[in-house]
1. Amide H to amide H under 5 Å from H298: which residues, 5+ apart in sequence or cross-chain, H placed 1.01 Å off N in plane?
2. Could you calculate the contour length gain from E219 to D431, that is, 0.36 nm times the residue separation minus the distance between their Cα atoms, to one decimal place in nm?
3. Over the chain, what number does the Rg to Rh ratio reach, with both radii from the alpha-carbon atoms and Rh per Kirkwood?
4. Hey, what's the stretch 139-293 come to in accessible area per residue, 1.4 Å probe, Å²?
5. Assuming 0.36 nm per residue, please report the length gained on full extension of the stretch S134 to Q94 beyond their Cα-Cα distance.
6. Give me the percent relative contact order of the stretch 1-131, please, defined on Cα pairs under 8 angstrom at least 6 residues apart.
7. Calculate what fraction, in whole %, of the accessible area of the stretch 426-480 sits on carbon and sulfur atoms when a 1.4 Å probe is rolled over the protein chains.
8. Read phi for every residue in the stretch 446-460 and hand back ³J(HN,Hα) as whole Hz from Karplus 6.51 cos²θ - 1.76 cosθ + 1.60, θ = phi - 60°, with x for Gly and Pro.
Amino acid sequence: MNLDKIDIPFEPPLKEPARQYYFIEKCAQYVKAESERLGRPLFSAVKTFGCQMNAHDSERLRGILLQMGFEESENEASDFVLYNTCTVRDNANQKVYGHLGYLKTIKKKNPHMKIALCGCMMQEKAVIERIKNSYPFVDLIFGTHNVFKLAELLYNCLTKDSMVIDIWDSGDIAVEALPSKRKYSFKSGVNIMYGCNNFCSYCIVPYVRGRERSRMPGEILSEIEALACDGVKEVMLLGQNVNSYGKTLKEPVSFASLLRQVCQIPGVERIRFMTSHPKDLSDELIETMRDCPKVCRHLHLPLQSGSSRILNLMNRRYTKEQYLELAGRIQKAIPNISLTTDIIVGFPGETEEDFAETLDVVTRVRYDSAFTFIYSKRTGTPAAAMENQVPEAVVKERFDRLLCQVQKISSQVCMRYAGTVQKVLVECENDHQIGYVSGRLDNNLLVHFPGDASLVGKLVNVKLTEAKGFYYIGKMAENS
Ligand code: SF4
């Protein structure tokens, strides 16, 4: 987008993304004038809480701020501070309130500083009321559906003295063609859909991210083609439940078919995706993962609980037997697949027998790793109103037992590549070991081996000389 062509003196365009480029230019004039007045550059800091989708949104937010002329900083004592929030568990909310207390003291010393909040937590009405009453020094609040509108909202914020709040209950437009500042030059997330229709009874996501909407396949493919031209080798296709991709499109397209099309894009060497719901993971997807070598041998398949009774209360729409049968079919079709999962301990009504079922699935599936969570009551979800909330001490004891079981199996399973030569995408120089670099195997496991910065972003062959439980030590293979 050629900013010079934007007629600043006139009304902003109505169409997106031109409208946002107009406001990027407007804000850029403010940033320029303010930094001349202060005799220094203006700094912006974006702090991300939560999941990969939030991390991807934050890359967009950083890109927009850099285009305005802000210099990027990690320091929260910056001229513009933006929190991209998460609300999947209560402690995520508490973290943000804690940080806001800290920002209050900074703003006292730096009154022209602007503070903004966006993301899932801002979609909760009670949160907005609390911020208005207890944190009136916040300047801007927006949600998950209008992340792309940062420039326009910041401009409103710069031209008004009062708090600007713009929360949408739903989002029907997806504006992706905006500046982005990727964390890595060689890999990138790509949103393929937004929202979730599954309404698992403990989960707040459908209430804060809205109904499922899939992006047009052509739009996704051209975004990935542009990324590949820009040096990206690995893409992560993102959605709350990618298996539902394409169901809302006028001409439905299956996720597996989209995956096959992404495999055809020159320059893309690795494809990952997250997250797959077990209830609608198709045979077509399993075959596509088996047949397309670019699709990484890693599948994140959240279990949540091993008890069919609890799964029913969670509204997960599969049973223990169905999950085990699916995991078995995947492991049979793709023998070296790495399965990882999410498990919740302490869901209301969970008995020792239910928990034993969870341990049984962990023992039988043998995950490479598992994200284990203690159930967190989320106001507004059906589970929050359920009786039989499990006592904290009982949950803690079960959580420790689960972690022990998961780690025991994971350290055994993760050792299976010891002594082999594997392809590694080098991500960075190792902070802890001078002269070493770190990267990831196709199944997402970490490898550290001797090397220098010239290897970062490259796919190299590495001999895995030592297994260290959840990562490997290696050395460059001769044929690398
Ligand atoms: S699938 Fe369930 S747990 Fe995942 S985002 Fe949707 S409602 Fe939440």
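The values are calculated or read from the model by the stated rules, or taken from the named source; none is laboratory data. Bear in mind that the values here come from a model prediction, so they are computed numbers and not experimental data. Positions of Cβ are backbone-derived with ideal geometry, glycine not excepted, and every protein chain shown enters the neighbour counts. These accessible areas exclude ligands, DNA and RNA; they are computed on the full protein's heavy atoms, side chains included. Shrake-Rupley method; radii C 1.70, N 1.55, O 1.52, S 1.80 Å.
1. S338
2. 72.6 nm
3. Values: Rg = 23.5 Å, Rh = 24.2 Å.
Taking Rg over the Kirkwood Rh, I get 0.97.
4. Details: 5990 Å² over 155 residues.
Here the per-residue accessible area is 39 Å².
5. Working: separation 40, 0.36 × 40 = 14.40 nm, distance 1.35 nm.
Net length gain for the segment: 13.0 nm.
6. Values: 153 pairs, mean separation 28.1, N = 131.
It rounds to 21 percent for the stretch 1-131.
7. Numbers: 1440 of 2850 Å².
Result for the stretch 426-480: 50 percent of the exposed heavy-atom area is carbon or sulfur.
8. Per-residue couplings from phi come out as 7, 9, 10, 8, x, x, 10, 4, 5, 8, 4, x, 9, 9, 10 Hz.
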